[in-house]
Structure formats: C-alpha cells, structure tokens
C-alpha cells in the first residue's frame with residue numbers, strides 16, 4: 001500500500017508535506033528548521049529545540065505540559081537537533097494515537113497540534129528572554145551533553161574524526177557546538193537567535209497519519225501566519241575537498257579497545273551507485289569488510305562503512321585491539337583495492353542490491369522513516385519515493401561500481417587509543 | 001495440531017496461535033497493508049541458565065558463564081557457510097541476540113519471506129561446531145567483551161546487579177568473561193544445544209505481510225521431531241537482602257552515572273506480568289517527568305533529563321531501577337527513599353493514576369504500528385505462556401488499590417543497591 005505524498009507551501013519558505021497511509025494507528029508531526037551550520041550559532045541552535053519542547057506560554061512548566069500530554073493518551077513532544085551535511089536541522093516532533101483508538105473518541109490529534117504550535121511560536125517568555133529558571137537547567141544539560149560526548153567512545157571517535165576530515169568546512173562543527181560558545185549563551189541571546197531562526201530558516205513540516213488532516217494544517221498555518229518572515233534562501237552542502245596529504249591523527253584516552261575511523265573522499269555524482277558500492281564494500285554483514293576484516297581475520301569487533309552523500313565521504317568505522325591497528329588499516333585498504341580491481345562476484349552485487357532494496361521497501365511502514373526519507377529528499381531538491389530509487393538501483397552495473405570505487409581517495413585516518421598504548 | 005485465533009475486542013486486532021505436533025509454540029499476526037515482515041525464532045535460554053539437567057544427564061551440571069551467547073554466535077555458522085550469506089540471497093536483514101533469559105534469531109524483510117523463513121528454521125535446528133571453529137570465535141567475543149568494558153551505561157548496570165545479587169547468575173555479564181569463555185569447547189556447546197534448543201522450549205513468532213497457511217506448511221516440512229529431553233533448570237537459593245549496598249567504579253566519563261535498584265521477591269507467569277505492570281505504575285507515580293519528586297530534584301539540579309526508571313525482571317529476579325546522571329548520586333538515593341516512605345504513609349497520587357493509565361495504554365497502541373514490536377511482544381508472551389494481549393488488558397484493568405499494594409510489597413527501602421560510575425580525576429595522575 002503506497003504512501004500518498006502531498007507537499008504544499010503554507011508560507012514564505014514554509015512547506016507542509018503530508019504522508020498518508022490508511023493503516024497508521026498514530027499521527028506524527030515533525031517540524032524542521034533548517035539553517036547553515038556555523039560555530040557561532042551551533043550551540044545555541046542545539047539548545048533551542050530542547051527549551052521549546054519543555055514548555056509554552058499556555059503550559060509554562062514541564063510538569064503542566066507533561067500532565068496535559070499524558071491525558072492525550074501519552075502524546076509526546078520531543079526536541080532534537082541533527083546535522084545534514086553543512087546544515088543544522090532543529091526539530092520538534094509530536095506524536096499521538098489516532099482519535100479512533102481513544103476510550104471516548106476524543107479529538108486528541110488536533111489538541112496535540114495546538115500544543116506543538118504553542119511550543120514553537122508562543123514560548124514561555126519572561127522579560128526579553130526565555131523564562132530563566134527552565135532555560136538555565138536546559139543550558140546546564142547542553143553543557144553536560146557536550147562533556148558526556150566522551151562517554152560513548154565510538155561516537156566520540158567519530159566526532160573527533162569529523163573535525164579532521166572536514167577541516168575548515170561547516171560540517172566539521174560538532175552537532176552541539178562547543179563548550180566555550182555554550183557557556184556564553186544567555187536566556188536573552190537564545191531568545192534573540194530563536195526569533196531570527198523563526199524569521200529566516202527554511203521550515204519543513206511533515207504530517208504522517210491515516211488520513212489527511214485539514215485541521216492540523218490550518219492550526220500550523222495560522223501559527224506561522226503571525227510571524228514576519230524574511231526567508232534567507234536555500235540550504236545546501238558542498239562536496240568535501242580532498243586534502244593534499246593524508247591527515248593522520250592519533251589521540252589517547254582511557255579505553256580498553258581502540259577505535260579507528262578512515263575517510264575516503266569522492267566527487268562521484270551518482271549517489272545511488274555510491275550506495276551500492278558502499279554496500280558491497282562494507283555496509284552489510286556479507287560485505288567485504290565484515291567477511292574479511294572481522295570474520296576471516298578476527299581483527300575487529302565491528303568494521304563497517306557508511307556513505308555521507310551530502311559531503312561525498314565514505315567512512316570506515318572500526319573497533320580494534322591496539323596491536324592490530326596497522327594490520328586492520330592495511331586490510332581495509334586491500335579490500336578497497338579489490339573493489340577497484342573488480343574483484344567481487346555478480347552474486348555479491350546482487351546480494352548488496354537486494355539488501356538495499358529490502359530496506360527501501362520497508363521505509364513506508366514507519367512514520368518516522370517515511371518522514372525522514374522525504375526530508376532528505378527535499379534537502380537535495382528532490383521528491384522521489386523509495387520506489388523510484390529502487391528503479392534506479394536496478395540499472396547500476398558492475399562497471400559503474402568499479403568506477404565508483406576508483407573515485408575514492410584516502411583523506412584521513414583517525415585513531416583513538418588507550419593511554420598505555422601510545423608509543 | 002492445535003490452532004486458535006486469539007482476538008482482542010478492545011483494539012480489534014487478532015493473531016493465530018498454533019501448538020505444533022513437534023512441541024513448538026507458533027504465533028502469526030497478519031498486518032494488513034504492510035510491506036515488512038518480522039520473524040523471531042527463539043529459545044528460553046539465556047545467560048542465567050548455567051545450571052540444568054536432562055533425562056540424559058540426571059545430575060545437575062554447571063556450565064561456564066557466557067555459553068548461551070557463545071552458542072548464538074556459533075549457530076550463525078553452518079557447516080559450509082555463514083548464515084548471513086544465505087540470507088544475502090533473499091535480501092532479508094538478519095540478526096540474533098542473547099539476553100538474560102532468551103536467545104532469539106530474527107530476520108526482517110519485504111520480499112522472499114518464505115525463503116528467509118526456511119533459512120531461519122533450518123540453521124537454528126542444525127548445529128555444527130568443531131574445536132577449531134569454537135576457538136576462532138574467542139577472538140571476536142573477546143573483542144566484544146572489551147568493548148563493553150568501556151561502556152559506562154553497561155558497566156553501571158552490571159555493577160548494580162553484582163551488588164544486588166548474592167548467587168543469582170543475572171549478576172554475570174551476558175557474554176561472560178575472557179576467562180570463562182576460554183573454558184568453552186564443542187562438547188559443552190552440543191550439551192547445551194540439545195538441552196535448550198528442543199522445540200518444546202522454543203517459540204516462533206511472525207508479524208507483518210505474511211500468509212498463515214504458507215508458514216504452517218513450511219513448519220510441517222522443516223520442524224524436526226525430537227524427543228523432549230525433560231529439561232530442568234535450577235538456581236542457587238537467593239537471599240532477600242542485597243549483597244552490597246554500594247558499588248563504585250571509575251571510568252573516563254564527564255558526569256557521574258548511577259543505577260539505584262530496589263530488590264524484590266520474584267514471581268512467575270501471569271503474576272510476574274501483573275507485578276511488572278503494577279510496579280511500572282508505581283514508578284511513574286513516584287518519579288516520572290510529571291511527578292512532584294522529579295520536578296523538585298530537577299529544579300534543584302540534582303538530576304537531569306537522563307533520569308529514568310524501569311522494572312527489570314526474569315526467572316528468579318525482580319527489581320526496580322532508577323538511573324541517570326547526577327553530581328551527587330547518593331543524595332538521589334536518599335531523596336528516593338524519603339519519597340517512597342512518604343508515599344507509603346500518605347498514599348500515592350490518585351488523580352495522576354488515571355492519566356498514567358491512558359499514557360501507558362497509548363504507548364501499547366503505538367506499538368501495534370510496528371511489525372518488530374508485535375513479533376517481540378508475541379515471542380515474550382509465548383515464553384511466559386500468556387496471551388499477547390494480556391499486557392494491554394492488564395493495563396486497561398489495573399486499579400489504584402492494586403498499585404498502592406504493590407508499593408508496599410515491591411519497595412523495601414532496606415534492600416537497595418546503588419552503583420556509581422565516577423569520572424577519572426585526571427589531575428590525580
């Protein structure tokens with residue numbers, strides 16, 4: 001059963017996309033504010049969605065807001081922030097069960113939408129800034145989050161690797177910014193930035209449910225109509241340039257297992273071919289990296305690749321014993337050479353193709369996954385359904401894959417290792 | 001073959017339950033209009049099942065820690081190939097996991113459902129280990145254990161279990177230790193396999209875009225008729241008290257992390273499900289985001305939004321856990337105990353009870369959107385010998401009185417363990 005896609009403009013740089021599928025038992029609304037990444041604003045931008053989803057003028061504390069949401073059968077409103085290439089997406093998500101599942105046929109979807117709109121355009125203000133007590137707590141949490149990045153060593157290694165891979169590019173900026181900028185945010189400066197974002201950012205709204213909801217669209221259109229917009233234009237990402245020399249960085253921390261991130265860059269312009277090449281190389285449990293580096297040689301617990309299509313970067317992410325780092329690096333390079341030499345079977349291609357198609361066919365089954373799919377599409381200026389990508393990937397040939405592999409150049413090798421392990 | 005349709009009037013949903021002649025319990029839930037199918041084939045065998053006997057081995061034997069997880073890794077390897085490479089031909093995304101009390105093999109796919117199901121049913125019933133293949137796995141699992149050594153969220157939880165339990169094997173890491181897995185050999189793996197991977201001890205659960213008759217046809221063809229080995233598991237007696245009240249470890253993290261566990265007497269079957277649900281209500285009333293307690297500690301900066309609570313239970317263990325980050329975890333514990341004692345004296349907040357019920361029920365309805373969530377609910381229900389709708393019905397029918405009694409019963413403020421992970425102070429070095 002296909003998802004019915006409809007995108008309409010409801011304001012200057014504001015779009016409302018509905019994704020309708022009869023069998024949805026829930027209604028989900030995602031509102032994304034897209035803005036260019038910059039080190040000056042990354043931290044404050046990262047803070048804003050969390051401040052907004054905790055209260056509004058009508059529901060001024062988290063306790064009052066949560067009580068109201070619980071009455072709506074545990075509706076949720078969540079803030080989040082994510083990175084899309086050189087852009088930052090600030091998001092508010094709201095979800096609840098369909099009205100028809102309530103005990104007394106209550107209109108909870110409309111109520112939830114009103115609350116969400118209130119959180120976004122009518123926040124809890126005191127003086128010229130966000131209400132300060134709640135703001136300070138949220139700010140402390142942002143600082144804690146920045147400090148806690150080191151707790152998850154795999155993610156931490158990835159963050160540090162990105163700073164080197166994308167040197168001097170917006171994409172090098174961490175999604176939550178840095179401590180120095182975060183410390184200087186005040187309730188007033190955050191409120192100013194919030195107003196600026198409401199005015200200038202690209203706003204993409206996604207509604208996923210069993211039937212089209214005019215009332216939800218109207219509630220949101222009305223909320224945005226009050227804002228004096230001067231939309232600043234599009235968001236885009238640039239392909240990351242290859243460095244003149246391979247960048248090698250090793251950092252020491254208290255870890256039992258070392259982490260290695262390798263980055264290869266490409267200017268290949270066919271994203272679907274790159275995705276298939278990436279799947280054969282390292283993105284599945286039958287890929288070259290998994291079968292050889294992990295299974296055959298037992299060099300790593302995890303070793304997999306991923307492709308950042310917005311920046312033209314293929315990553316290899318691995319967890320390795322310190323004494324095996326060099327061996328693992330050499331073996332990863334060998335496997336990529338094999339790809340370049342066409343040393344892979346037709347069966348490996350078909351298996352990888354099948355795995356990707358399988359995951360694309362399931363995209364429409366989840367509210368979140370289908371909304372994310374179209375958000376990604378619209379960022380790249382497209383509106384292709386998963387079926388269209390499936391059609392395209394069917395056409396990719398062995399030679400296309402070899403060409404895609406040949407376009408990759410090693411750019412960065414980042415290693416996070418134990419303190420006793422550095423020579 | 002015993003077959004019945006299990007229907008739930010409240011949600012209008014239904015599934016089919018089949019007791020196969022081989023002893024296997026089968027659950028099939030057709031989800032109209034979905035592309036995805038999610039299937040799980042599991043055995044009631046997890047890291048805690050280290051002591052057992054069968055008709056062939058009438059004396060209880062104790063096997064090395066981590067063996068259930070080791071077996072899971074090894075079953076993924078056939079005599080001539082890796083199981084992933086079989087699934088590669090169907091496009092399914094496959095995986096397996098071992099928890100405290102179960103081992104499950106699963107796949108998720110949109111096409112070639114029956115080919116994938118054939119792979120799943122075949123390889124799980126077809127063990128193949130040699131001393132050499134068993135030895136090879138030690139490197140990979142050793143790396144996995146090392147990876148978890150660095151994971152503060154994992155460590156804080158296991159340290160708490162180690163403090164809480166004197167004897168129960170739930171205190172041991174699921175993957176075991178580098179030392180315990182060194183004792184594992186092919187003979188031991190076969191012994192455990194034949195004891196626990198008998199179809200009387202297993203459940204098959206499928207949800208999504210699936211045809212019931214085709215599933216049963218495949219089951220008839222592929223399920224092997226083996227004798228019931230008469231499996232019996234046992235645990236050392238576990239005292240009511242905790243073993244240690246506090247466990248502290250240092251790791252490279254930013255803010256101290258904590259788990260605070262309240263140990264309670266375990267129950268089994270339907271009673272355990274009821275106990276879990278009612279205790280979840282208690283946890284929400286005591287300390288969810290809308291509670292007075294949460295707001296007070298949050299506003300004072302004692303906890304942050306990572307604070308959460310959950311029930312953790314299984315065969316022979318039951319506890320309620322509060323976890324999160326705090327600059328003063330011991331103060332969180334004192335405040336919690338104070339709040340529990342206050343609620344025992346003054347009663348829980350009745351007004352919030354009805355709201356929490358709606359919220360809990362809403363979350364269960366949301367799960368009905370998702371093939372994976374449904375298949376998981378069914379396999380859990382199958383292993384507990386209850387209906388997949390029992391949770392939703394219990395939640396809809398719970399009373400405030402039940403929940404108040406549960407507070408008395410499940411929260412003994414004497415039997416508490418706190419586990420803390422403290423940041424390494426780099427200045428000391």
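The values are calculated or read from the model by the stated rules, or taken from the named source; none is laboratory data. Everything numeric here is computed off the predicted structure, so don't read it as measured data. Note that we place each Cβ from the backbone using ideal geometry, even for glycine, and neighbour counts take in every protein chain shown.
General remarks:
- The sole residue among A:115, A:125, A:97, A:108 that is farther than 27 Å from residue A:36 by Cα, at pLDDT 95 or above and assigned by TED's automatic domain parsing to the domain that holds residue A:26 is A:115.
- The listed residue being on the phi > 0 side of the Ramachandran plot and either under 18 Å from the mean Cα position of the chain (by Cα) or at pLDDT below 95 (or both), out of B:176, B:142: B:176
- Residue match in region B:290-302 (condition: in contact with a strand residue (DSSP E or B) (Cβ under 9 Å, 6 or more places away or on another chain) and either within 14 Å of chain A (Cβ to nearest Cβ) or under 21 Å from residue B:265 (Cα atoms) (or both)): no
- Filter result for the condition that a residue is closer than 23 Å to residue A:304 by Cβ, surrounded by 14 or more Cβ atoms within 10 Å (Cβ to Cβ) and at pLDDT 95 or above, over A:265, A:243: A:265
- Entry remark, region B:140-165: residues being surrounded by 20 or more Cβ atoms within 10 Å (Cβ to Cβ) and outside any helix (DSSP H, G or I) number 2 in total.
- Within region A:134-155, tally of residues that are more than 7 Å from chain B (Cβ to nearest Cβ) and either more than 15 Å from residue A:175 (Cβ to Cβ) or in a helix (DSSP H, G or I) (or both): 12
- Exclusive hit being crowded, with 18+ Cβ neighbours inside 10 Å, out of contact with any strand residue (DSSP E or B) (no Cβ under 7 Å at 6 or more places or on another chain) and touching a residue at least 40 places away in the same chain (Cβ under 8 Å), set B:66, B:42, B:46: B:66
- Taking the criterion of being in contact (Cβ under 8 Å) with a residue 12 or more places away in the chain, more than 12 Å from every other protein chain (Cβ to nearest Cβ) and assigned to a loop (DSSP other than H, G, I, E, B), the residues of region A:66-119 that qualify are A:85, A:86.
- Hits in region B:4-39 - residues which are buried (at least 18 other Cβ atoms within 10 Å of the Cβ), away from chain A (no Cβ under 14 Å), in contact with a helix residue (DSSP H, G or I) (Cβ under 8 Å, 6 or more places away or on another chain) and over 19 Å from residue B:118 (Cβ atoms): B:15, B:25
- Check on residue B:310, in contact with a helix residue (DSSP H, G or I) (Cβ under 8 Å, 6 or more places away or on another chain) and surrounded by fewer than 21 Cβ atoms within 10 Å (Cβ to Cβ): yes
- Restricting region B:147-183 to residues that are within 14 Å of chain A (Cβ to nearest Cβ) and free of Cβ contacts under 8 Å to residues at least 12 places away in the same chain, the residue that is nearest to residue B:243 (Cα to Cα): B:154
- Unmet requirement for residue B:228, which otherwise passes all of (1) farther than 30 Å from residue B:1 by Cβ; (2) modelled with pLDDT under 95; (3) away from chain A (no Cβ under 14 Å): (1)
- In region A:365-387, the residue that is nearest to the other protein chains (Cβ to nearest Cβ) out of those that are in contact with a helix residue (DSSP H, G or I) (Cβ under 6 Å, 6 or more places away or on another chain) and touching a residue at least 24 places away in the same chain (Cβ under 8 Å) is A:386.
- The set of residues from region B:71-115 being part of a helix (DSSP H, G or I) and farther than 30 Å from residue B:168 by Cβ comprises B:83, B:84, B:85, B:86, B:87, B:88, B:113, B:114, B:115.
- When region B:356-414 is limited to residues that are within 19 Å of the chain's Cα centre (by Cα) and not in a helix (DSSP H, G or I), the one that is nearest to the other protein chains (Cβ to nearest Cβ) turns out to be B:370.
- Number of the condition not met by residue B:240 [criteria: (1) exposed (fewer than 14 other Cβ atoms within 10 Å of the Cβ); (2) without any contact (Cβ under 8 Å) to a residue 40 or more places away in the chain; (3) in contact with a strand residue (DSSP E or B) (Cβ under 9 Å, 6 or more places away or on another chain)]: (2)
- Matching entry among A:319, A:362 (being crowded, with 18+ Cβ neighbours inside 10 Å, touching a residue at least 24 places away in the same chain (Cβ under 8 Å) and under 27 Å from the mean Cα position of the chain (by Cα)): A:319
- The number of residues in region B:109-118 that are within 14 Å of another protein chain (Cβ to nearest Cβ) and surrounded by fewer than 22 Cβ atoms within 10 Å (Cβ to Cβ) comes to 3.
- Among the residues of region A:16-35, none is identified as away from chain B (no Cβ under 14 Å) and surrounded by fewer than 16 Cβ atoms within 10 Å (Cβ to Cβ).
- Scanning region A:56-65 for residues that are in contact with a helix residue (DSSP H, G or I) (Cβ under 8 Å, 6 or more places away or on another chain) and facing another protein chain (nearest Cβ under 10 Å), we see that the one that is nearest to residue A:133 (Cα to Cα) is A:61.
- Filter pass, residue B:134 being in contact (Cβ under 8 Å) with a residue 40 or more places away in the chain and within 14 Å of chain A (Cβ to nearest Cβ): yes
- The listed residue being away from every other protein chain (no Cβ under 14 Å) and either at pLDDT 90 or above or not in a loop (DSSP other than H, G, I, E, B) (or both), out of A:305, A:318, A:323: A:305
- For region B:86-108, the candidate set comprises residues that are in contact with a helix residue (DSSP H, G or I) (Cβ under 8 Å, 6 or more places away or on another chain) and surrounded by fewer than 18 Cβ atoms within 10 Å (Cβ to Cβ); within that set, the residue that is farthest from the other protein chains (Cβ to nearest Cβ) is B:97.
- All positions within region B:151-169 that are more than 18 Å from the chain's Cα centre (by Cα) and over 22 Å from residue B:308 (Cα atoms): B:166, B:167
- Selected residue [touching a helix residue (DSSP H, G or I) at 6+ places or on another chain (Cβ under 7 Å), surrounded by fewer than 22 Cβ atoms within 10 Å (Cβ to Cβ) and more than 14 Å from chain B (Cβ to nearest Cβ)] from A:406, A:395: A:406
- Test: residue in region B:319-327 that is within 14 Å of the chain's Cα centre (by Cα) and not in a helix (DSSP H, G or I): yes
- Test: residue in region A:245-262 that is away from chain B (no Cβ under 14 Å) and part of a loop (DSSP other than H, G, I, E, B): yes
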